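Notes for the one structure printed next.
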Amino acid sequence: MSSVLHSPGSGQDPRIATHYRPISSHLAITPPVSVVIPAMNEAENLPYVFKSLPGWVHEVVLVDGNSTDDTVEVARSLWPDVKVVGQRGKGKGDALTAGFEACSGDIIVMVDADGSADGGEIVSYVSALVSGADFAKGSRFANGGGTDDMTFIRKLGNWALCTVVNRKFGARYTDLCYGYNAFWRHCLDKIDLDCTGFEVETLMNIRVVKAGLKVQEIPSHEYLRIHGTSNLRAVRDGLRVLKVILKERSNRRDLRRRTRNSPLLRTGQGEVS
């Protein structure tokens, strides 16, 4: 018999369901799941990406970064109901923001278009969310995870940046700069995404912690890009990630300073958390 899980706060008796999406012979879900795929000139990789996506997802949102190849046409041929969003700005952060705005699902999953992510892992992310997590964060370095696409320098940089975030924000991450994540839609109300580049994943990871959201890491295996070359540049993007960390740390200090100097706190007329 399948178990039926509902979105938190649905108010519906979990024993009663009129619509559900079977995941396996033992599990079914009612929350609709949206998959966001930012893509620019990834026509050759999309067949591998779409083939790995589970058929029970509610919708696929492809954010096209002004591709000059057949990215959009290939996506529509592979997934006829795909929702295509044209990116107005530039950068992965900008693309993801546009994709999130177009989603109609209760759960949103971020998947790269280069074929490095296994869509079959989505069930693990969704299971974590329907079991109580707010944000399911993929990790290549958690027990059971792995990567085929990381140089020693990138691995060292990721470790160093991850250590800084853990110490400065009280997180317990094993991986920081990884783009395979999933979350309940309500999380977007608590994390303002105001960056445009690859550092968007780091910004999200920091702000979910600052917002007090429940985060669960999901072991994930990162495969090699199948076709083409990545726009990621280790030194350049590493410095952008560091800049985000320092900015968020500065914002946290300013908040504490304002809290200490708040008349509300000094006069005892209310509480400041």
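The values are calculated or read from the model by the stated rules, or taken from the named source; none is laboratory data. Model, not experiment: these values are computed from the prediction. Reconstructed Cβ throughout: ideal geometry from the backbone, glycine too, with neighbour counts over all protein chains shown. Accessible surface is based on the protein model in full, side chains and every heavy atom, while ligands, DNA and RNA are left aside. Shrake-Rupley method; radii C 1.70, N 1.55, O 1.52, S 1.80 Å.
Here are some notes:
- Net charge in the neighbourhood of N66 (other residues with Cβ under 10 Å of its Cβ; Lys, Arg +1, Asp, Glu -1) is +1.
- Amide H within-cut-off set for E222, under 5 Å, with H built and near neighbours excluded: G146, T147, D148
- Rounded to the nearest 10 Å², the accessible area of E101 at probe 1.4 Å: 140 Å²
- Cα-based radius of gyration for the range 115-221, normalised by 2.2 N^0.38 Å, reads 1.02.
- The heavy atoms of D81 present about 130 square angstrom of accessible area, all protein chains included, probe 1.4 Å.
- Cα-Cα pairs of the range 42-127 separated by more than 17 Å (percent): 46 percent
- Heavy atoms of Y223 accessible to a 1.4 Å probe, total area in Å² rounded to 10: 90 Å²
- Unsatisfied cross-links (Cα-Cα over 29 Å) in the set K83/K247; K83/K168; K92/K210: K83/K247; K83/K168
- Accessible-area ranking of L46, L156, largest first, probe 1.4 Å: L156, L46
- Electrostatic bookkeeping for F141 treats Lys and Arg as +1 and Asp and Glu as -1; over the other residues with beta carbon under 11 Å from its beta carbon, the sum is -1.
- Most to least accessible of L193, L246 (protein chains only, probe 1.4 Å): L246, L193
- Exposure rank, largest accessible area first [S67, S124; 1.4 Å]: S124, S67
- Subtracting the Cα-Cα distance of D194 and D69 from 0.36 nm times their residue separation leaves 42.1 nm of extension gain.
- Fraction of accessible area attributable to carbon and sulfur, the range 88-228 (%, probe 1.4 Å): 50 percent
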